[in-house]
Amino acid sequence: MRKAAYVQYAQAVPLKYAIDSANCIYFQKGKCRACEKVCPTKAVDFTQKPETVELNVGSVVIAAGFKPFDPSRFDSYNYANYKNVITSMEFERMLSASGPSMGHVARPSDHKDPKKIAWFQCVGSRDLNKCDNPYCSAVCCMYAIKEAVIAKEHAGAGGLDCSIFFMDMRTHGKDFEVFYEGAKKQGVRFVRSRVHTITEDKATKDLSVRYVTEDGALAEETFDMIVLSIGLETPPETVELAKKLGLELTSGRFAQTGSFTPVSTSREGVFVCGAFAGPKDIPQSVVEASASAVSAGQALAEARGALTKTKEAVPETDLRGEPPRIGVFVCRCGINIAGVVDVPSVVEHAKTLPGVVFATDNMYSCSQDTQDTMAQIIRDNRLNRVVVAACTPKTHEPLFQETLINAGLNKYLFEMANIRNQDSWVHKENPEAATQKAKDLVRMGITKAALIEPLPEAELDVNQTAMVAGGGISGMSAALALAGQGYETHIVERSDRLGGQALNLHKTWRGEDIQAKLAEMVAAVTKNPKITVHLGTEIAGVDGFVGNFKSALSKGGQTTSLDHGVAVVATGAGELRPSGYAYGKSPRIVTSLELDKKFMANGALVTGLQSAVFIQCVGSREPERPYCSRVCCTHSIESALEIKRRNPDAGVYILYRDIRSYGERETLYRQAREAGVIFIRYSVDRKPVVEAAGDTVGVTVFDPILGRTVQIGADLLCLASAVVPNDNTALARFFKVPVNAQGFFVERHAKLGPSEFATDGVFLCGLAHYPKPIDESIAQGQAAASRAITLLARKKIRMNGQVAKTNPALCSSCGVCVSVCPYKAPSFTTQGPFTGKAEINPVLCKGCGLCVASCRSGAINLKGFDTNQIMAMLEAM
Amino acid sequence: MRDLKIAKTDWAKGVEKLFGPYRVFGPKKEGLFHNFARLEKGEAPDFSCKNTRLSAKGLIYPQTEKMFEYTLDPNKPDHHVHKEPVKDYSPMAVLGIRPCDAKAFTLVKLNFDTPEYKDPYWIKNYAAATFVGLACDAPCHACFCTSAGTGPYDTAGLDVLLADAGDFFLAKVLTEKGEKLVAAAGWAGAGDAGAFEAKAKAAGDKVVSKVNTAKLAGKVTNDLHAAPFWEDLAFACINCGTCTYLCPTCWCFDIQDEVCGTEGCRLKNWDSCMYPLFTMHGTGHNPRGEKAQRVRQRFMHKLKYFVDKYGAGIHCVGCGRCVTACPVNIDIRRVAEIMNGYEPGKDCAV
Amino acid sequence: MNAMTDKIRQIARRLLEEGKVDMVVGFRKGTVPMMSEPCFIKDSARVDALVWDGNCGINLANYLTRRKERMAVVAKGCDTRNIVTHIIENQIRREQVYIIGVPCQGMIDKRKVKNLADGEVLSVEEKDGKVVVTAGGGEKSFDRTALLQDNCAICHHKNPALSDELAGELVRENPDVDRYEDVRKVEAMGAAEKWKFFDELLSTCIRCYACRNACPLCYCPTCFVDESKPQWVGKGQDPTDTRTFHFLRAFHCAGRCTDCGSCERACPMGIPVRQFTKKLEKDAKELFGWEAGMTLDARPPLDTFRPDDPGAFIK
Amino acid sequence: MKGLLEHMGIEPGRLHFSWISSAESTKFVDVVSQVTESVKALGPAQNFIKREPKVA
């Protein structure tokens, strides 16, 4: 039970308390209001009443999320009865540094350090017997591995035995497979078995489980703790909401969407994203969030800006000739800082320092009322430099800079000292040293602040044109989204046809006809007056930067130039040409895409098939390609079902390592089994053997359940071959974006920035990012467009003022800066008294500091990080 | 003034006795070259070199000298107090200084000990020193002391002058300080003034390098300043400080503060007119921004401004150090000849 | 009169008479033994002042910067490599210089001569691979090779890397010479031993900056040692500051040093200052396969970044 | 830089270079602890510390 006054979680931004009326004495019994009396900022207002607000909107986005599955109804796991059986969510809280046990893992029954923990997968997922959740929750395998690894690392030398009991290990996300392999190396044990019952030792509270090992033997093992890897489900309120809105739901009670309209519900104008559109992890949720935003916005494009209020700009104060008047605000951050650091003494220390004319502490510096107060203080005391000692500039600097702007100061007259993340959080056990460190950090900040200067920001027109590299499904959906919002868009496609890999595909897992849908999409693209398609064209070079790119397009030896403000990279991937499994030795051995072509052509091979074998993970999850290709399991199952549909008596075998039919694709897997498709698992060190003999293909595989080798004579062998990225090195160089070891592009942030690059103005979607099915490719295409539009909509962008600047008097014209700069920002002055000396174009400069470091003559400074400022900070230390 | 004769055995014994009443300095080989160094008891000054690489200037006027120090650390009792560093001004005996270097001190004194301005550090050090000179019987080929107002047996600036005469030294005790030192060493044997003079005459004749400087005083300063030969004379110069640092008469210094945390001090360092920063203004303007201007300044100062200001001859004692050590062979003798012979309008051979 | 001097004068005369250049930068005879003075000639009537001998060790690339004239320069192997570096680093324009390339037999180390001579050196004559030294104590003859500067003895780029005209026949290079015996010796020492080695090396340094100023690579308008805000390094005689100066100077020369020996030649205290720069010269060779000043087409390795740069030090 | 410092007699282990991305917190901790250990093992630096300017 939480306290009546609570914060959602320790790092919530903004970090604000709320009152839980269910636990509040005042709300329950009508008396108390103690909090109102003690609150120093008078933030508690008991007169607030629930209000109904009516909004008139053009589109609706539903991001209702999920509810963790409640396992208490499972008798066999005794979650409700045994203290040491906990859910993964509870374990997650235990691991959290700000959680109830401060990151320490302890057994709930006796608070002892556990020595042996087991995770049970698929609790409330892939289960129609004990619950009504037929789907795979898609995230539990990965989070269980993560929890096991972190717990193991946390336990350190003491040692912790971690076992994960699973059916199929589903690490189909980007870089997940590598993590899985790493966990095995770190000693996490993976047991392929579904456990049925847990029994508790009444005395020790240890937990005993009985399970069947892979070779069929019965085993019994005791654990200190058991973590139930609970699944995701749509809460009844959301189901209720969906009903109210008239939205169709899937069998798993998720919003019904289409593969080609991945964020559109059955009702026009209502969009969906996140786990309500099917269980999924963070990156995919973020992708859908962006995609739903752009889809929702499409209908509203014409109304854009109609309801926005223009903020009144406060004129900037001219500080020339004024000595520094520094204001210092030391944040208590509730108890986050004040609980460790003696904040008043830090304030007192600040007051003694030169240049400081005002110093105070704030309960929460980031709260809106404090912001207003700060602006007032700045004006009243004519402060011209502001130091905030609080948390990290990464999250809060923009906020405080905004306050400066509101107070009429240039936003760069600001310096932040991180006395929370880098002090109170890490020196909890030593408050005295932490206070001393806070003083040091504040003093350094003040010393630097005295030397900082207002910086101008270069303003730049954004060319409101987009270029999309790649005319596949994701590229086209990005282009359609961009054009739908009214932006001129150019698709550059290397081949002479739009469609990309989708041209090779037969049906989606939902059974949609891909070619028909693709044709609609191509027609929509070609018809759209805002979209120009450049077929048979390659990108030969890219110049410029966000807002003003200039790309050289080469077509048939002729090069033209395209000016654009943003670029979306959707260059796709291809299918690995398998080596081994007798591929190429018989026309009956084909890859997944080749099989789809045959389906589409209704060729001789696929009519009258008596037996077919699929081999999964051909080239994927191998040392040279240590990733899961994500699409192949579902694809093979769909193809197997297609064969069954054409001939229900055909013998169809899928030889797999783990079936990864994540999310609601699991239902397809079930259908296949019901239809009689035979699934035989093989292990990576005992791969099936293929022999192409005459008109049939012989496949030999060891069946671990039967415990013996099985020989299958097949009319068709389909190899589920890996998705391999195209050679992206040239494009990566043109846009200065990274490519990972496997050749896929590396996004800005694996979780929070999946559809954009760290390079401003360049976005990413589709197979070039990672293997993914059509619905996810389209969603990401829309997401990339959505991110791009946030830039295009601005018309003008302001460049960071913290750029490098040369002092021509010190410059020796050696040209090192010109040669090292990755952004071509430095050049030699061609006129005036400093002809021949280097100068830096502030628009091109990213403030990376490379030139500053490489200048032998010390002629370059990074504004905001001037040598004198850094030296002053060092001196103050 | 009196003459002494000191047997080399007595010399060594006498030097031994000086340790105690005096801090003893003398030539000592360090690396490739001899330089003046503080000697430990038992160490004898090494008279085998023609002259030290660096002049004896640094004994009285160190390359780096602390002027004051302070601490801002509130935990120290003397914080925020401007403190004079503790220095040793006890008597020092400088053995084996050549007459040119001793003469140089008399020129430097014109700057550091004037009625208006007194440099306390220099004056105290100078007052502490007793100079025992060693006359030059074999002057170097680059030496031109006789053209620079001194000579291999010049006594200016010295307290005692020794002349090597094989098994013994002939000596002249020149001052009160000299008497004290001789007494402390216990040297007493009667000398031979005649023999001393004869050696002096012979040595003077051995100085083969002659430079004409007589007409410098009569030149018009602005003519020399505007003379066309400077670019040529300065061309080879790389603006290092070798000539000024090796010179016994160069006296320019630079004041620098060094701070480390709460501790700080002010230092007086040798400076050189050859350095671009020598005359750099706070505004960034440099009146002597060009190499030729700096080279001209050095020679004009030594050979014209000084001559005019003090009437004490040129600001040079002809020790020849800059001539031999200059990495690019800028030769003050050649410059002096050119300046001395310069007539505006007439072509001058450079 | 040697043939090289003769040829240099001829070329200089021709260039000046034809008006191809405004001045010729070369050496003239010095006023003391073993000294040749860098000089310029603008008048063809005066070309006979030019000489070439074993005392022209100062790197003339140093004299070409910040000048407006069209210049011809007499340049030996290392000088030309520094001219190349100057062109790359925008200190001179290629079309501004006419390089009279001198295939070089190495420069004479005056300190070696002084050490071997009997008394004060009065004159030194070079003839047919021999050097005749007349000193106070009499005349001695030496093999020229025994008197070479250390850097010349291990030189493997004696011939010009870039020239417009040669003043003599190309000489045989010695590509197999072991250039880094001394560096390896230091590398093999323990940390304390290394520290002591350099401490002793620097004990006589007077911070006159002759090494820096003789170096063609040092052309910054304000050197870091002269900078007072921030004061990167103390200006006094503190050994830490002296060491900082020497090693930072060396670092600024990393990948650019041609081991021309000008610094060492200029040092009035006879400190083997090449010991600082040579380690980095060796590293540039071993890590990047780079020798400074051999081509106009590439910048020194530390001026550029390539993803495949060696990064063994990053762990 | 590392090479030169070590060449002049600074003990190896006092200067360390690592590529650590902002996501590699574990590596950061490992590297910092490792460097701290190696520096502690070397003890306080004796060289390249300016104590008092050598002055007269």
(request) Specify the residue that is farthest from the other protein chains (Cβ to nearest Cβ); the eligible residues are those in segment C:270-300 that are among the aliphatic types (A, V, I, L, M) and not in a helix (DSSP H, G or I). (result) C:Met294
(request) Only helices (runs of 4 or more DSSP H) wholly contained in segment C:122-218 count here; list those with 1 or more residues that are within 14 Å of chain D (Cβ to nearest Cβ). (result) C:181-187, C:191-202
(request) Please specify each residue of segment A:214-235 satisfying the condition of being open to solvent by 70 Å² or more (accessible area, probe 1.4 Å) and either within 27 Å of the chain's Cα centre (by Cα) or charged (D, E, K, R) (or both). (result) A:Glu214, A:Asp215, A:Glu220
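Quick one: which of A:Ser639, A:Ser620 is in a loop (DSSP other than H, G, I, E, B) and in contact with a Ser or Thr (Cβ under 8 Å, 6 or more places away or on another chain)?
Going through A:Ser639, A:Ser620 in turn, just one is in a loop (DSSP other than H, G, I, E, B) and in contact with a Ser or Thr (Cβ under 8 Å, 6 or more places away or on another chain): A:Ser620.
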(message) Out of everything in segment A:246-292 that is of a type in the set (A, V, I, L, M) and surrounded by 24 or more Cβ atoms within 10 Å (Cβ to Cβ), what residue ends up being nearest to the chain's Cα centre (by Cα)?
(response) A:Val287
(request) State which residue pairs qualify: first residue on the phi > 0 side of the Ramachandran plot and inside segment A:68-90, second residue aliphatic (A, V, I, L, M) in any location, beta carbons under 7 Å apart, and separation of 6 or more residues or different chains. (result) A:Asn78/A:Val85; A:Asn78/A:Ile198
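Within the group A:Leu717, A:Leu767, A:Leu752, which residue is open to solvent by 10 Å² or more (accessible area, probe 1.4 Å), hydrophobic (A, V, I, L, M, F, W, C) and modelled with pLDDT of 95 or more?
Working: A:Leu717 fails: open to solvent by 10 Å² or more (accessible area, probe 1.4 Å); A:Leu752 fails: modelled with pLDDT of 95 or more.
Step by step, each of A:Leu717, A:Leu767, A:Leu752 is checked, and only A:Leu767 is open to solvent by 10 Å² or more (accessible area, probe 1.4 Å), hydrophobic (A, V, I, L, M, F, W, C) and modelled with pLDDT of 95 or more.
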(message) Taking the condition of being hydroxyl-bearing (Ser, Thr, Tyr) and either within 26 Å of B:Ala200 (Cβ to Cβ) or open to solvent by 50 Å² or more (accessible area, probe 1.4 Å) (or both), how many residues in segment B:52-111 meet it?
(response) 5
(request) Would you check if A:Glu493 is in contact with a helix residue (DSSP H, G or I) (Cβ under 9 Å, 6 or more places away or on another chain) and at pLDDT 95 or above? (result) yes
(message) Restricting to segment A:454-496, name every residue that is assigned to a loop (DSSP other than H, G, I, E, B) and farther than 30 Å from A:Phe414 by Cα.
(response) A:Asn463, A:Gln464, A:Gly470, A:Gly471, A:Gln485, A:Gly486, A:Tyr487, A:Glu493, A:Arg494, A:Ser495, A:Asp496
(message) Can you name every one of the strands (runs of 3 or more DSSP E) wholly within segment A:761-849 that holds 1 or more residues which are away from every other protein chain (no Cβ under 14 Å)?
(response) A:762-764, A:796-798, A:804-806, A:838-840
(request) State yes or no: is C:Arg184 open to solvent by 40 Å² or more (accessible area, probe 1.4 Å), more than 28 Å from B:Ala325 (Cβ to Cβ), basic (Lys, Arg) and in the same structural domain as C:Cys220 (by TED's automatic domain parsing)? (result) yes
(request) Only residues that are hydrophobic (A, V, I, L, M, F, W, C) and more than 10 Å from every other protein chain (Cβ to nearest Cβ): list them for segment B:248-271, please. (result) B:Cys250, B:Trp251, B:Cys252, B:Phe253
(message) Can you find, within segment B:39-77, the residue that is farthest from the other protein chains (Cβ to nearest Cβ) among those that are under 17 Å from the mean Cα position of the chain (by Cα) and among the basic types (Lys, Arg)?
(response) B:Lys57
(message) Out of the residues in segment A:721-739 meeting the condition of being in a loop (DSSP other than H, G, I, E, B) and polar (S, T, N, Q), tell me which one is surrounded by the fewest Cβ atoms within 10 Å (Cβ to Cβ).
(response) A:Asn726
(request) Filter segment A:740-754 down to the residues that are assigned to a loop (DSSP other than H, G, I, E, B) and in contact with a strand residue (DSSP E or B) (Cβ under 6 Å, 6 or more places away or on another chain), then identify the one that is farthest from A:Leu482 (Cα to Cα). (result) A:Gly743
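Can you tell me which residues in segment A:8-35 are closer than 27 Å to A:Ala390 by Cα, surrounded by 14 or more Cβ atoms within 10 Å (Cβ to Cβ) and at pLDDT 80 or above?
Answer for segment A:8-35, where residues must be closer than 27 Å to A:Ala390 by Cα, surrounded by 14 or more Cβ atoms within 10 Å (Cβ to Cβ) and at pLDDT 80 or above: A:Tyr17, A:Ile19, A:Cys35.
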(message) Of all residues being touching a Lys or Arg at 6+ places or on another chain (Cβ under 9 Å) and open to solvent by 10 Å² or more (accessible area, probe 1.4 Å) in segment A:611-627, which is farthest from A:Asp658 (Cα to Cα)? Just the residue, please.
(response) A:Gly619
(request) Please go through segment B:272-305 and pick out each residue that is more than 9 Å from every other protein chain (Cβ to nearest Cβ), of a type in the set (Phe, Trp, Tyr) and either open to solvent by less than 60 Å² (accessible area, probe 1.4 Å) or within 28 Å of B:Lys83 (Cα to Cα) (or both). (result) B:Phe278, B:Phe299
(request) Grab the strands (runs of 3 or more DSSP E) fully contained in segment A:67-175, keeping just those with 2 or more residues being among the aromatic types (Phe, Trp, Tyr). (result) A:116-123, A:161-166
(request) Test A:Thr465 against the stated conditions and say whether it is open to solvent by 10 Å² or more (accessible area, probe 1.4 Å) and of a type in the set (Ser, Thr, Tyr). (result) yes
(request) Could you list all residues from segment D:20-43 that are within 25 Å of C:Phe251 (Cβ to Cβ) and either acidic (Asp, Glu) or modelled with pLDDT of 80 or more (or both)? (result) D:Val31, D:Val35, D:Ser38, D:Val39, D:Leu42
(request) Could you check how many residues of segment A:850-872 are surrounded by fewer than 19 Cβ atoms within 10 Å (Cβ to Cβ), part of a helix (DSSP H, G or I) and more than 10 Å from chain C (Cβ to nearest Cβ)? (result) 1
(message) For segment A:267-373, give me every one of the strands (runs of 3 or more DSSP E) that falls completely inside it and has 1 or more residues that are within 30 Å of A:Glu666 (Cα to Cα) and not assigned by TED's automatic domain parsing to the domain that holds A:Pro40.
(response) A:270-272
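Would you point out the residue of segment B:78-94, among those that are away from chain D (no Cβ under 14 Å) and assigned to a loop (DSSP other than H, G, I, E, B), that is nearest to B:Phe19 (Cα to Cα)?
Across segment B:78-94, the extreme among qualifying residues is B:Pro91.
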(request) Look through B:Ala236, B:Ala184, B:Ala226, B:Ala190 and report the one residue that is more than 30 Å from B:Ile6 (Cα to Cα) and away from chain C (no Cβ under 14 Å). (result) B:Ala226
(request) Among the residues of segment C:40-59, write down those that are within 11 Å of chain B (Cβ to nearest Cβ), open to solvent by 20 Å² or more (accessible area, probe 1.4 Å) and among the aliphatic types (A, V, I, L, M). (result) C:Ala49
(request) Would you mention how many residues in segment A:319-332 are open to solvent by 10 Å² or more (accessible area, probe 1.4 Å) and touching a strand residue (DSSP E or B) at 6+ places or on another chain (Cβ under 8 Å)? (result) 3
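The values are calculated or read from the model by the stated rules, or taken from the named source; none is laboratory data. From a predicted model like this one, the values you see are computed outputs, not experimental measurements. FYI the Cβ positions are ideal-geometry reconstructions off the backbone, even for glycines, and counts take in every protein chain you see. All accessible areas refer to the heavy atoms of the entire protein, side chains included, with ligands and DNA or RNA removed. Shrake-Rupley method; radii C 1.70, N 1.55, O 1.52, S 1.80 Å.
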